[in-house]
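Since the structure comes first, as structure tokens, the remarks are kept for the end.
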Amino acid sequence: MLLTSIYARTITYQQFHTSARRNALPVLGIASKLILKGLAWLSGRSVRVWYRGLPKDKRIILKEHIIRNRLRYLGIIAGLSVGSAIHVYTHIESTPISGRRRYMVITKKQLDKIVNSAKTARDLAAYEFVLPETSEETKRVVKISERLLAANLDLPGIRSYNWSIKVVNKPYWNADVFPTGAIYITKRMIATENDDNKLACILGHEIAHVILGHTAESLSQMQVTDLLGVIAAFFIWSILPSDWSSFLAYYIYNKFVKYSIRLSHSRSTEEEADVVGLRIAAKACYDVRRAVFLWKERSTCKGERSDRTFSSTHPTNARRAQNLQKLMPLAVDLRMRCSCCKLDTLSNFQEDQLENNHVIVKKYKHIFDKRDLTAI
């Protein structure tokens, strides 16, 4: 559905319309990872069996050979290490808006190919659940999304995406986005959040994921951890004395990578999207204070346990509310600089003073200090 021009602006951008959902992890990629890990297991196990089958004198000869050529082998290891360091260094870039340094090896063109590869399957799966363009729910979300984009045309890359919106008739509370700019939100979420200010903060969060390139960043990180996983599998199966000990060690390794790297990184990107989404909603003159109420309500509704944070892809809702509360003076000030109307006093909302030394404020204050502001 093509939409009308936004607030009579002369600047144009990719408007919201309905489009097919795309999946970012094609089956071929998953299969290739499994094959590589399987080959690593088999190769490592073969090395272990071969070494165990060597006579004692052959083992002594092998050890002497390694000692005699240790400088050569150390040189090979050093060369691979330097090459890897150069590769990582040349693929470090700054995240748009936040300026966070990150490793990025997936380009937008490559990402589009990955995303488009699963298009047909997603079309068939989601077709019967998508509400029509003329539904009140779709119109409401499109209107909010248009306003958010219109107020944030200064954000880097925002015009380069084919923005689209779909409301999915599902009985759970959720919204997600694909790196092409396709946003999906459930009918249950729209029905639950009858305040446009809250929906604006949610949609701002999803828009932030796209312009920050979080999917490409996660896939880039996954390439590194998958490669390290293949190397780890080879050495674990080569060195440990039995299949059972190798299985156990590799299981522990995978859990370590999952909890210490992948889930931790996911929570960091969600936090970053919360903050940038708050900026997007503030520039569109929405009442961003409602975001704090949103996450507090979700925390109470779900009965969260804070001790399970380490096993989640997202920060707890209580933590999200707390972070946004600390940043609220910056967001409200940004609204004022965009010539938005003054906010009324909000009952049950605690107006905090800006704590410049608070860790979340120090980390993200610069995002709200941008001087390239475009008021509605």
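Of note:
- Cβ pairs under 7 Å, 6+ apart, first in the stretch 74-91 and part of a helix (DSSP H, G or I), second open to solvent by less than 60 Å² (accessible area, probe 1.4 Å): V88/Y103
- Figure legend. Inter-residue proximity from the stretch 168-184: first residues at positive phi, second residues open to solvent by less than 20 Å² (accessible area, probe 1.4 Å) and not in a strand (DSSP E or B), beta-carbon distance below 7 Å, spacing 6+ or different chains. Indicated pairs: G181/W163; G181/V210.
- Only a single item in (1) more than 25 Å from L278 (Cα to Cα); (2) touching a residue at least 40 places away in the same chain (Cβ under 8 Å) is not met by L149, and it is number (1).
- Residue check, E128 open to solvent by 70 Å² or more (accessible area, probe 1.4 Å) and assigned by the TED database to the domain that holds Y184: yes
- Residue match in the stretch 249-264 (condition: more than 30 Å from S46 (Cα to Cα), in the same structural domain as V210 (by the TED database), in a helix (DSSP H, G or I) and touching a His at 6+ places or on another chain (Cβ under 9 Å)): no
Results for (1) under 25 Å from K362 (Cβ atoms); (2) open to solvent by 20 Å² or more (accessible area, probe 1.4 Å), shown as yes or no for each residue.
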{"site": "Q221", "(1), (2)": "yes, yes"}
{"site": "G229", "(1), (2)": "no, no"}
{"site": "F247", "(1), (2)": "no, yes"}
{"site": "H265", "(1), (2)": "yes, yes"}
{"site": "A291", "(1), (2)": "yes, no"}
{"site": "E297", "(1), (2)": "no, yes"}
{"site": "A321", "(1), (2)": "yes, no"}
{"site": "L330", "(1), (2)": "yes, no"}
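- Of everything in the stretch 212-233 that is aliphatic (A, V, I, L, M) and under 11 Å from the mean Cα position of the chain (by Cα), the residue that is farthest from G99 (Cα to Cα) is L219.
- The condition of being over 24 Å from S218 (Cβ atoms), open to solvent by 30 Å² or more (accessible area, probe 1.4 Å) and modelled with pLDDT of 90 or more holds for only one of E136, E93, that being E136.
- Restricting attention to the stretch 153-175 and to residues that are of a type in the set (G, A, S) and surrounded by fewer than 20 Cβ atoms within 10 Å (Cβ to Cβ), the residue that is farthest from the chain's Cα centre (by Cα) turns out to be S160.
Let's see how each residue does on (1) under 19 Å from M222 (Cα atoms); (2) modelled with pLDDT under 95:
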| position | (1), (2) |
| --- | --- |
| L34 | yes, yes |
| G44 | no, yes |
| R59 | no, yes |
| R70 | no, yes |
| V82 | no, no |
| V88 | yes, yes |
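The values are calculated or read from the model by the stated rules, or taken from the named source; none is laboratory data. Note that the structure is predicted; figures quoted are calculated from it, not measured. Ideal geometry is used to build each Cβ from the backbone, glycine not excepted, and the neighbour counts take in all protein chains shown. Just so you know, the surface numbers come from the protein's heavy atoms only, side chains and all, with ligands and any DNA or RNA stripped out. Shrake-Rupley method; radii C 1.70, N 1.55, O 1.52, S 1.80 Å.
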